[in-house]
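The values are calculated or read from the model by the stated rules, or taken from the named source; none is laboratory data. Source: prediction; values computed, not measured. We place every Cβ from the backbone using ideal geometry, glycine too, and count neighbours over all the protein chains shown. Accessible surface is based on the protein model in full, side chains and every heavy atom, while ligands, DNA and RNA are left aside. Shrake-Rupley method; radii C 1.70, N 1.55, O 1.52, S 1.80 Å.
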Amino acid sequence: RGDAMTDYKTEFGSLANYNKGGVQLINDDPKNYVFSNVFEVASNAAPFERIAVAKNFEYIVEVMRVEGTSPWFAAPHDEFALCMDGDIEVHLVKLEGGARAGGGDGAVLIDGDPQGQNMGRIKTGRGHMALLPVGAAYRFHSDTPSVMMIQTIQGPLTREKWNEICQTA
């Protein structure tokens, strides 16, 4: 064909090194679109704050800055955690009597240490995913600032900061 293929280079972001990115529009209003950068969101977040970065009805993707050891969480449904940056340990405890956390949807905080059988820990690095099963309490730990994305259902701990995190112009 004679046409040279364009070379593309994939660049992975991190908490310490990311480009903001953006949406390029032709003849439209940027407020009709949502765009944010998970690393930028995490860099401005308090440790263990659960900030919504994607939403489809009640389903949410949250970004969490993991720095130190989190409080214990539990949810009345399975959740999935994807390590985006750093090394994060996920500690799991099976709640006594098969208890489920909360009466609604989404993660809740557990006061103190959960009662139940230790299920062990999952060591994650960039690109590793962990299942946070229903009936279990979990907490995160990282010695360095790290980033976790959590696929869940919107709940009382989900923070919506669309005006702060999304491109508006």
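Normalised by the residues of the chain, what does the relative contact order come to in percent, with Cα pairs under 8 Å and at least six apart?
31 percent
Of Tyr138, Tyr18, Tyr59, which has the most accessible area with a 1.4 Å probe, and how do the rest follow in descending order?
Tyr59, Tyr18, Tyr138
Could you order the peptides 117-125, 154-162 from most to least packed, using the average number of other C-beta atoms within 10 Å per residue?
154-162, 117-125
Using the basic label-point model (7 angstrom from Cα toward the beta carbon), what is the Asn27 to Met5 distance in nanometres?
3.4 nm
Which lysines, on any chain, are close to Lys9 with Cα under 19 Å apart, when same-chain ones fewer than 8 places away are left out?
Lys20
What distance in nm lies between label points placed 7 Å from Cα along the C-beta direction at Asn17 and Lys123?
If labels sit at Asn17 and Lys123, their model points lie 2.4 nm apart.
Write down the accessible area per residue of the chain in Å², having rolled a 1.4 Å probe over the full set of protein chains.
60 Å²
Just the Cα atoms of the chain: what Rg and Dmax do they give in Å?
18.1, 68
Which lysines have a Cα less than 22 Å from the Cα of Lys94, not counting those fewer than 8 places away in the same chain?
Lys123
May I ask you to order 5-15, 73-83 by the average number of other C-beta atoms within 10 Å around their residues, highest value first?
Packing proxy ranking, top to bottom: 73-83, 5-15.
With θ set to phi - 60° and the Karplus curve 6.51 cos²θ - 1.76 cosθ + 1.60, what are the ³J(HN,Hα) couplings of region 141-155 in order, to the nearest whole Hz, using x for Gly and Pro?
Result, rounded to whole Hz: 9, 8, 6, 10, x, 9, 10, 10, 9, 10, 8, 8, 10, 4, x.
Using the Cα centre of the chain as origin and beta-carbon charges of +1 (Lys, Arg) and -1 (Asp, Glu), tell me which of Phe12, Ser43, Trp162 is placed farthest towards the positive end of the dipole.
Phe12
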